[in-house]
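The values are calculated or read from the model by the stated rules, or taken from the named source; none is laboratory data. Fair warning: this is a prediction, and the values are worked out from it, not measured in the lab. Cβ coordinates were reconstructed from backbone atoms using ideal geometry, including for glycine residues, and neighbour counts include every protein chain displayed.
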């Protein structure tokens, strides 16, 4: 056994992973894909990039075994691989606690309290994610609003302003979540943001199914 080669290969593979983590574009793609499988076209449109450049980023992530590729008719769908490398990358995205919203607009109580209050109808959860995302990682019992944010106040007319509303979407850097919470707050609704990563959302979903 060539121990020197094994050691060099080990550190070489680790260095490739850290190179990926140093790329803001790749990290944004990983975060976006974590909530639902995406095509190259989906990713390019989301981040206003060319399909060619986006494809190169996705291919490199697939080669690093962080993404899996599935062909569905004429489209190639990228999703997160199920392995320790992917888990490491998704956890790395949680290290920075920054948010687009101030802390007073975030749900800062424990997950146990959220689940208990939700099950006891002390609060309502409004899921702002798209149809594809809510199907991929469902949040049982939530109310889905996937329409344009210009209609959010019309949607909220079915709630009283004394009810505790929890808006959730795609994490702490989700512009849709931030805008929806701010709009509801300006209209004097009692609202907080539940800013979960895809990994945290999956954990919540499993807890609610028990």
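State all residues of the stretch 100-138 that are under 15 Å from residue 194 (Cβ atoms) and within 13 Å of the chain's Cα centre (by Cα); if no residue qualifies, say none. Within the stretch 100-138, 127, 128, 129, 133, 134, 137, 138 meet the criteria. Scanning the stretch 57-67 for residues that are surrounded by 14 or more Cβ atoms within 10 Å (Cβ to Cβ) and in a helix (DSSP H, G or I) returns 57, 58, 59, 60, 61, 62.
Quick grid of which residues meet (1) in contact with a helix residue (DSSP H, G or I) (Cβ under 8 Å, 6 or more places away or on another chain); (2) exposed (fewer than 15 other Cβ atoms within 10 Å of the Cβ); (3) assigned by TED's automatic domain parsing to the domain that holds residue 134:
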| site | (1), (2), (3) |
| --- | --- |
| 9 | no, yes, no |
| 17 | yes, no, no |
| 33 | yes, no, no |
| 47 | yes, yes, no |
| 54 | yes, no, no |
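I need the full set of residues from the stretch 171-197 which are surrounded by 22 or more Cβ atoms within 10 Å (Cβ to Cβ), under 14 Å from the mean Cα position of the chain (by Cα) and part of a helix (DSSP H, G or I), in order please. 177 - this is the single residue of the stretch 171-197 that is surrounded by 22 or more Cβ atoms within 10 Å (Cβ to Cβ), under 14 Å from the mean Cα position of the chain (by Cα) and part of a helix (DSSP H, G or I). The stretch 68-169 holds helices (runs of 4 or more DSSP H) entirely within its bounds, and those carrying 1 or more residues that are in contact (Cβ under 8 Å) with a residue 60 or more places away in the chain and surrounded by 14 or more Cβ atoms within 10 Å (Cβ to Cβ) map to 84-92, 111-119, 131-136. For the stretch 37-45, the criterion of being on the phi > 0 side of the Ramachandran plot and either modelled with pLDDT under 95 or under 21 Å from the mean Cα position of the chain (by Cα) (or both) is met by no residue.
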